[in-house]
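Just below is one structure, and these are the notes that go with it.
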Amino acid sequence: MKKTLTALTLGAATAALAVPALAEYPTRPIQMIVPFGAGGATDISARALATALNNVVPQPMVVSNRTGAGGATGSVAVRDADGDGYTLLFARVGSHTVNPAMNPNLPYTIDEFRFVGVYEINPVACVVNSNSDFNTIEDLIERVTNDPGSVIFSSAGVGSMPHIGTMMVLDAFGVEDIADAVIHIPTEGDGAALTAVLQGTSDIFCGSASPAVPFVEAGQMRPLLVTSSERLDAMDAPTVAEAGVPELRALVGWTGIAGPADLSDEAAEKWGEWLAEGVQDPEFQRILTSGGSVIELMSPEDSVQFVNDAYETFRAVVVALDLEID
Amino acid sequence: MTFLEALAAGFALVAQWESIFFLSLGVLVGVFAGAIPGMSATMAVALTLPFTFALTPISGILLLLGVYKGGIFGGSIPAILIKTPGTPASSATAMDGYPLAEQGRAGEALSMSLYSSCIADFISNMALILFAAWLASFALNFGPPEMFTLIVFSLTIIAGVSGDSLIKGIVAATLGLILATVGLDFIGGTERLTFGTVELRGGINLVPMLIGLFAIPEIIAYIRNPAAREQRVRALGHAALKWVDFRRSLKSIFRGSAIGVFMGAIPGIGAAPSAFLSYSEARRNSPNRDNFGKGELEGVAAAEAGNNGVAGATLIPLLALGIPGDIITAIIIGAFMIHDLTPGPLLFQNNAQIVYALFLGLMASSVILLVVGSIAIRVFRYIADIPPDLLFPAVMVLCIFGVYAINNSIFDVALMLVMGVVGYIMLIFRFPAAPFLIAFILGPMLENSFRQALLMSRGSPEIFVRGPITILFWCLTILSVVMIIRATLRAARLKREAARSASRLEAQSKT
């Protein structure tokens, strides 16, 4: 009896020791960190993807929210994690393009992450109240140029996508001295920024198209411009190419998965495969497209390129317009 | 589709075991989640959202609404039993609920909280159904200047919750306002009082601070002097609420519900200020004024009516305009969109049956809350019988666990403990915690709306009197301040007279 027990214990111990060495990644659950609040756009996207990936990834994924400081808290947690592929981040345009471009004091840089796949693109739309005098984006530009300081725009806060986005649009249309030409009213989020447009507190909002779609469909707001390459189903507004500013196509939101910079090649490669299969899930596609997003999966290499390009574009605007936060 | 057809279709959607099941499940989950310190109603709704992806639209939305309503009530359970508000909105409930539990009247306090919650919830739902369009147009007129004047008026609540000394209340409120400025400056984006730490960039988190301020001082007090606790009678938590007590609180319940409906219809305020406003109005108008803060059932009733009154009304901006009033409704908007429903005016045109199903479900939720709540009370009130040397360590563990779970952050736990020490020092020197908390919650709204308004007007202060709403709130503010000054002077005079007559009596007895 005692012998059997010893043998069993030994056998179990050997097995326990042997498994990690032999088995492939992943051998235990993977922690996926969402650096924004539960129930928000990133969270919905992340949880929909995690659900779809449950059928693909051999180990469970634990999605947890670590919010704070515009995504910095969660991002830093992943940057400081081991590169073994068991701690990954749902990175987004706010945490990994806009903030790094605008805020030199940010406790991380985008080089400290290794991207394994950008899977979601959110076009930006400029919307005004339907009672507004602005019928086209040109009307708006004309007013800003002729009467500087008369137009107010709302954003989801300093250093948010709508903040820099509006500036980029005005810059692309050749408005000069943007800081004095328009007045910026930061609010608590996209919802509050759109409420400001609805109330007449603000004249225009240029941000992620998704939250603006219901207002446009209900006739409460009018879209003036979208940054997608083709017109959106839900918003019949000129694209940036039609408006003669094709460079604004770089102004889009995105969501992707990243690990710390020393993430293993094995993990990156696996994630590339898993994501290719996961994004095909019909339920995932339904949830994302109903929120107004475009599913566009990039390979790990393309993702890194895309994120770096987006950063460079935004950074150039920030430097040119002196938008840096000190 | 005519109104009756839509109503009938809506009824068909709700009157299925599935809808009622998910609504009840939601209320149940909400009550228990709300009862866990650190797990706020907002978090419970957010965590439930992924489960609604696979449900039919109406089941999913009813599930979320159930969690929301259950959570707001559930928060009052630990507020009463262990002085740990389960959600920020139930802090006002702790002010009278916990003293009642100390006196062995936890059962009465919990029942009062439940009845008051259900009545306020029902009134709020009716307001949503009957006056949605009217209240929504009011909400649309509520820009930054109006918000600023409302918050200035709300700050007069401080006088109502300061207890014995108005001066100490104002000092505590000032401290709260200062702490509210920590983090990234909202308009300029610069760091304020962060001392270079990443954790403080996002500001001080409300929930750890709340729990630190209310629950931890009680634990420290017990550690320092356990004997004081042993002598008190606590194990009498089973007395039923008396009809006379309920009857005399009805006025405060209705007033609190009305305040809740009003505050809920305006985007961006939330349930906590509403609960405090309702509490302070009840105290001002009650004949039992002096008993508030020492264990007054009417105080519990007012606070709970104030925060549950928000629950239905907060759907007004969502359904009528498509705008989220708070984080919870923002999450519910997400649920609408996932099911291809457009929140806002279009919903009444395209999916009228969903709207009416929602209305009917909301009405049912008040009744379900009553049933689920009574069961929960029966389960939870045994907590009042647990001996303190078991209860306090358990509360401590629960607080640390709950606070850690919000953000998986040890920093938040440290914050809670530091705030606990601050709260204990305030307790010793008899500085009230409620004004501190109110100022901390209202501080950012005050500052942001002030600066947004000035940005709108390009620096001209005239914007603060731009319309009837702003002028109304200025008048109300002046009125309250005058009444506070009069009440304070009268109290001082009475005190002086009492002292004088006492000394006269003393002199007489000597001669």
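For this structure, a couple of remarks:
- Residue in the stretch B:169-185 that is in a loop (DSSP other than H, G, I, E, B), at pLDDT 90 or above and away from chain A (no Cβ under 14 Å) present: yes
- Test: residue in the stretch B:109-126 that is farther than 30 Å from B:Val372 by Cα, within 17 Å of the chain's Cα centre (by Cα) and surrounded by fewer than 24 Cβ atoms within 10 Å (Cβ to Cβ): no
- Test result for B:Arg229, outside any helix (DSSP H, G or I), over 28 Å from A:Ala69 (Cα atoms) and either away from chain A (no Cβ under 14 Å) or at pLDDT 85 or above (or both): no
- The stretch A:273-302: number of residues that are in a helix (DSSP H, G or I), away from every other protein chain (no Cβ under 14 Å) and in contact with an Asp or Glu (Cβ under 9 Å, 6 or more places away or on another chain): 1
- Scanning the stretch B:1-20 for residues that are touching a residue at least 24 places away in the same chain (Cβ under 8 Å) and within 18 Å of B:Leu64 (Cβ to Cβ), we see that the one that is surrounded by the fewest Cβ atoms within 10 Å (Cβ to Cβ) is B:Glu18.
- The residues on offer are A:Ala268, A:Ala234, and the sole one that is within 14 Å of chain B (Cβ to nearest Cβ), on the phi < 0 side of the Ramachandran plot and at pLDDT below 95 is A:Ala234.
- Positions within the stretch B:266-283 being buried (at least 24 other Cβ atoms within 10 Å of the Cβ) and part of a helix (DSSP H, G or I), in sequence order: B:Ala271, B:Ala272, B:Pro273, B:Ser274, B:Ala275, B:Phe276, B:Leu277, B:Ser278, B:Tyr279, B:Ser280, B:Ala282, B:Arg283
- Sub-6 Å Cβ pairs linking a first residue in the stretch A:138-159 that is touching a residue at least 12 places away in the same chain (Cβ under 8 Å) to a second residue that is acidic (Asp, Glu), at least 6 apart or interchain, are A:Pro148/A:Asp180; A:Val151/A:Asp203; A:Ile152/A:Asp203; A:Ala156/A:Asp190, ordered by first then second residue.
- Residue that is in a helix (DSSP H, G or I), touching a residue at least 12 places away in the same chain (Cβ under 8 Å) and more than 22 Å from B:Ala133 (Cα to Cα), where the choices are B:Ala311, B:Ala301: B:Ala301
- Applying the condition of being assigned to a loop (DSSP other than H, G, I, E, B) and at the interface with chain A (Cβ under 9 Å from one of its Cβ atoms) to the stretch B:197-221 and asking which residue is nearest to B:Phe436 (Cα to Cα) yields B:Asn205.
- Residues in the stretch A:102-128 that are within 18 Å of A:Leu170 (Cα to Cα) and touching a Gly at 6+ places or on another chain (Cβ under 7 Å): 2 in all.
- Residue selection: B:Ile328 fails the criterion of being at pLDDT below 90, assigned to a loop (DSSP other than H, G, I, E, B), in contact with a helix residue (DSSP H, G or I) (Cβ under 9 Å, 6 or more places away or on another chain) and at the interface with chain A (Cβ under 9 Å from one of its Cβ atoms).
- Unique residue being surrounded by fewer than 17 Cβ atoms within 10 Å (Cβ to Cβ), assigned to a helix (DSSP H, G or I), polar (S, T, N, Q) and away from every other protein chain (no Cβ under 14 Å) when the list is B:Thr488, B:Thr477: B:Thr488
- One residue stands out among those in the stretch B:334-363 that are facing chain A (nearest Cβ under 8 Å) and surrounded by 22 or more Cβ atoms within 10 Å (Cβ to Cβ): the one that is farthest from B:Leu128 (Cα to Cα), which is B:Gly334.
- Lone qualifier among A:Asp139, A:Asp180, A:Asp171 - being within 29 Å of A:Asp302 (Cβ to Cβ), in a helix (DSSP H, G or I) and either among the acidic types (Asp, Glu) or in the same structural domain as A:Ala69 (by TED's automatic domain parsing) (or both): A:Asp171
The values are calculated or read from the model by the stated rules, or taken from the named source; none is laboratory data. Note that this is a predicted model, so its numbers are computed, not measured. Quick reminder, even Gly has a Cβ in these numbers, built from the backbone with ideal geometry, and neighbours come from all protein chains shown.
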